[in-house]
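Everything below concerns the one structure shown next.
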Amino acid sequence: DAGVIQSPRHEVTEMGQEVTLRCKPISGHNSLFWYRQTMMRGLELLIYFNNNVPIDDSGMPEDRFSAKMPNASFSTLKIQPSEPRDSAVYFCASSRGRDEYFGPGTRLTVL
Amino acid sequence: GDSVTQMEGPVTLSEEAFLTINCTYTATGYPSLFWYVQYPGEGLQLLLKATKADDKGSNKGFEATYRKETTSFHLEKGSVQVSDSAVYFCALKSQGGSEKLVFGKGMKLTVNP
């Protein structure tokens, strides 16, 4: 099993640009989670999907952030336009049942 | 709502020292409890879990016991190694409710040789 796959692993962009982060969950998992981790705020849940349907997006910081899950094997988190305060490590996780498995994360730097 | 409170550290120990990281929770019913570990530059990994009162989770020499009476899930290891240097997160998932994990703030552990 390859685990949760995220791409890119590192992204450096300039303020105002669109950023798209990608996630492939573990095959057979029916829940997918997007988290953001910063030194100041720790680990924050942004949004989660169950069977490809967004269930709770209360953690999405503002309208600049959007997430989609068009099928069971792929999800994207988009930031448009990006701002320096969006700089963080973004994790995707998936689960089937109680245990969540995390991807390696995408380190985003917005200049 | 549900919440997790844990020691935040940072903590520095010498190799072979005893480790305890305290974790208490607030939740209704019987949540499932977890410890996750994050090594430098990596994502979180499930270290151990317990799903009902008095269960003991264990892995890699770490242990934690689900104590309903004290609403606690303290992590212990009898002899830490340099390779245990990481950030440790306590978390819960509500019984029969939201699929969301509720995390503590994490505790950074450094083990020196």
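So here's what we get for this one:
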read-out	value
Unique residue being more than 12 Å from chain A (Cβ to nearest Cβ), loosely packed, with under 14 Cβ neighbours inside 10 Å, in contact (Cβ under 8 Å) with a residue 12 or more places away in the chain and within 11 Å of the chain's Cα centre (by Cα) when the list is B:20, B:24	B:20
Qualifying residue in the stretch B:56-75 (condition: within 26 Å of residue A:55 (Cα to Cα), away from every other protein chain (no Cβ under 12 Å) and surrounded by 16 or more Cβ atoms within 10 Å (Cβ to Cβ))	no
Test: residue in the stretch B:13-29 that is modelled with pLDDT under 90 and more than 25 Å from residue A:35 (Cα to Cα)	yes
Any hit, the stretch A:42-57, residues being touching a residue at least 60 places away in the same chain (Cβ under 8 Å), on the phi > 0 side of the Ramachandran plot and loosely packed, with under 13 Cβ neighbours inside 10 Å	no
Set A:88, A:67: member being of a type in the set (A, V, I, L, M), away from chain B (no Cβ under 14 Å) and in contact with a Leu (Cβ under 7 Å, 6 or more places away or on another chain)	A:67
Single match in B:76, B:69, B:63, B:8 (criterion: charged (D, E, K, R), farther than 26 Å from residue A:88 by Cα and in contact (Cβ under 8 Å) with a residue 40 or more places away in the chain)	B:76
Residue that is touching a helix residue (DSSP H, G or I) at 6+ places or on another chain (Cβ under 7 Å) and not aliphatic (A, V, I, L, M), where the choices are B:69, B:15	B:15
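The values are calculated or read from the model by the stated rules, or taken from the named source; none is laboratory data. None of these values were measured; they are calculated from a predicted model. Positions of Cβ are backbone-derived with ideal geometry, glycine not excepted, and every protein chain shown enters the neighbour counts.
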